[in-house]
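Below is a structure I'd like to ask you about.
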Amino acid sequence: MKKYLFLLFIIGIGLSACNEDKDMYQLSGQIEGLNNEELILQFITFNQITDFDTTTSDEDGNYLFKGKVKEPGFYRIAGNGKYWMIRMDNEKVEMNAKFDDDLLEKMEIIGSEKAIYFQEVIRFFIDKQNELALYGQEFQNKQMAGASMEELKGIENSYLTAEAAMKKEIKAKAKQTDDPIAGIYLLSGINSAEDIEFVKGKLNDYSRTMPNSTYITEMREKIKADEDAIAQQAAMEAASKKIDIGTIAPDFTQKTPQGVDLSLSSLQGQVVLLDFWASWCKPCRIENPAIVAAYNKYKSKGFTVLSVSLDKQRNAWMNAIAQDGLIWPNHVSDLQFWNNAAAREYGVSSIPAAFLIDENGVIIGRDLRGNALEEKLAEVLG
């Protein structure tokens, strides 16, 4: 009876060990050329890289990592300035490589079909990126050699065709794979702003088996940012269409550097150049002397400037006003950078941007620079 109890005890230990191993990863192999080198296993997401585990190779480059993964995903071994990327879960995987070889082309993965397929996906991306890079290099060489615009356009069209074919192939692979980790890596090669619905649909599929995946969370955050950017761009374009020559300039109120409210409508009766700029905008600063010259020439005839700054820091804004000699009294900002309320209302997506407004509040010119501004002022004010 004691013999049977002992056997049951041994079997129990064995089952426990098997179950424990089943819930753990073991990553081992050999990196030829390493000699007692420290190796770091890192967990990689789209937003960060985290050191996860460490080990030391022996004199022949043999190594072993063992434990529980943070979550199924992208990991890499870092050692002596080089990196070997691998897909990992709680399973046994062997990765062999030579330190001096091409890190991805010569890697050997054994023991995990998903890890092997993941390497195929990485190689697919490398091949496609190299193909696209050839078009870029050809374009640059032809441009330096003085090629015609028609020839350069042909290279650009070839690039766009290859890029579209790559995207189509990525989508096909993402649909076919049954591994969410490989699928997510594939989706990262698609511009989600252009293919939001496709990417969202696949992420919903993957979230059924990986509801707490860091990758899905990060990609959904990126999609939300893309959707917000698209909506903001659409709003700006809609606003820009409303703000056109012949329309009434929308009124707004913002603070002067002294903290006093100043409205566009308070300047009615004068010809106003509504100028959007910022201290950090080099093209704006280059344009400022021409605006100063126009102001000095026509201020006695009823011309003034309302400068709206897209700065974030009051001191930078004030210093730029002084440095550039912007002597007109009308300066305002809400110090909200690109979220400046007046800039959004006027559909401003780049600066400098300017609107010339007549004494009745009607827009009579847009983005007039240098001589063009002076000619228009001469026409209006004589």
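The values are calculated or read from the model by the stated rules, or taken from the named source; none is laboratory data. Quantities reported herein were computed from a predicted structural model and do not represent experimental measurements. Cβ: placed from backbone, ideal geometry, glycine included. Neighbour counts: every protein chain shown.
Of the residues in the range 26-56, how many are within 28 Å of Leu186 (Cα to Cα) and either assigned by TED's automatic domain parsing to the domain that holds Leu187 or not in a strand (DSSP E or B) (or both)?
Of the residues in the range 26-56, 4 are within 28 Å of Leu186 (Cα to Cα) and either assigned by TED's automatic domain parsing to the domain that holds Leu187 or not in a strand (DSSP E or B) (or both).
Go over the candidates Ala354, Ala290 one by one and state the one that is over 34 Å from the mean Cα position of the chain (by Cα) and surrounded by 14 or more Cβ atoms within 10 Å (Cβ to Cβ).
Numbers: Ala354 fails: over 34 Å from the mean Cα position of the chain (by Cα).
When all the criteria are applied, what remains is Ala290.
Checking Ile196 against (1) under 24 Å from Ser333 (Cβ atoms); (2) surrounded by 15 or more Cβ atoms within 10 Å (Cβ to Cβ); (3) of a type in the set (A, V, I, L, M, F, W, C), only one condition comes out false. Which one?
Checking Ile196 against (1) under 24 Å from Ser333 (Cβ atoms); (2) surrounded by 15 or more Cβ atoms within 10 Å (Cβ to Cβ); (3) of a type in the set (A, V, I, L, M, F, W, C), the one that fails is (1).
A further question on this structure: Can you say whether Ile291 is of a type outside the set (D, E, K, R) and at pLDDT 95 or above, as far as the supplied structure shows? Steps first, please.
Values: of a type outside the set (D, E, K, R): yes; at pLDDT 95 or above: yes.
Here the answer is yes, as Ile291 does meet what is asked.
Kindly evaluate Val332 against the criterion of being surrounded by 13 or more Cβ atoms within 10 Å (Cβ to Cβ), touching a residue at least 12 places away in the same chain (Cβ under 8 Å) and part of a loop (DSSP other than H, G, I, E, B).
Numbers: surrounded by 13 or more Cβ atoms within 10 Å (Cβ to Cβ): yes; touching a residue at least 12 places away in the same chain (Cβ under 8 Å): yes; part of a loop (DSSP other than H, G, I, E, B): no.
Judged against the criteria, Val332 is not a match.
For every residue, the table says whether it meets (1) within 36 Å of the chain's Cα centre (by Cα); (2) among the basic types (Lys, Arg); (3) buried (at least 17 other Cβ atoms within 10 Å of the Cβ).
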| position | (1), (2), (3) |
| --- | --- |
| Asn36 | no, no, no |
| Ile40 | yes, no, no |
| Phe43 | yes, no, yes |
| Thr55 | yes, no, yes |
| Asp58 | no, no, no |
| Gly61 | no, no, yes |
| Lys66 | yes, yes, no |
| Val69 | yes, no, yes |
| Gly73 | yes, no, yes |
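Given the structure, is Ile321 touching a Pro at 6+ places or on another chain (Cβ under 9 Å), among the β-branched types (Val, Ile, Thr) and assigned by TED's automatic domain parsing to the domain that holds Phe276? Step through it out loud before you land on a result.
Numbers: touching a Pro at 6+ places or on another chain (Cβ under 9 Å): yes; among the β-branched types (Val, Ile, Thr): yes; assigned by TED's automatic domain parsing to the domain that holds Phe276: yes.
Here the answer is yes, as Ile321 does meet what is asked.
Output the residue which, of all residues in the range 335-350 that are part of a helix (DSSP H, G or I) and in contact (Cβ under 8 Å) with a residue 24 or more places away in the chain, is surrounded by the most Cβ atoms within 10 Å (Cβ to Cβ).
Taking the range 335-350 and keeping what is part of a helix (DSSP H, G or I), we get 337-339, 341-345.
Then keep just the ones that are in contact (Cβ under 8 Å) with a residue 24 or more places away in the chain; that gives 337-338, 341-345.
Values: Phe337: 15, Trp338: 14, Ala341: 13, Ala342: 22, Ala343: 25, Arg344: 16, Glu345: 17.
Filtering the range 335-350 for residues that are part of a helix (DSSP H, G or I) and in contact (Cβ under 8 Å) with a residue 24 or more places away in the chain, the one surrounded by the most Cβ atoms within 10 Å (Cβ to Cβ) comes out as Ala343.
State all residues of the range 57-79 that are touching a Leu at 6+ places or on another chain (Cβ under 7 Å) and either assigned to a loop (DSSP other than H, G, I, E, B) or β-branched (Val, Ile, Thr) (or both); if no residue qualifies, say none.
Selection gives Ser57, Gly61, Ile77.
Residues of the range 297-326 being of a type in the set (Val, Ile, Thr) and touching a helix residue (DSSP H, G or I) at 6+ places or on another chain (Cβ under 7 Å), which ones?
Taking the range 297-326 as the starting set, the residues that turn out to be of a type in the set (Val, Ile, Thr) are 304-305, 308, 321.
Scanning the range 297-326 gives Thr304, Val305, Val308.
Do the conditions hold for Met95, that is, is it among the hydrophobic types (A, V, I, L, M, F, W, C) and at pLDDT 90 or above? Explain how you work it out, then say what you get.
Details: among the hydrophobic types (A, V, I, L, M, F, W, C): yes; at pLDDT 90 or above: yes.
Yes, satisfied.
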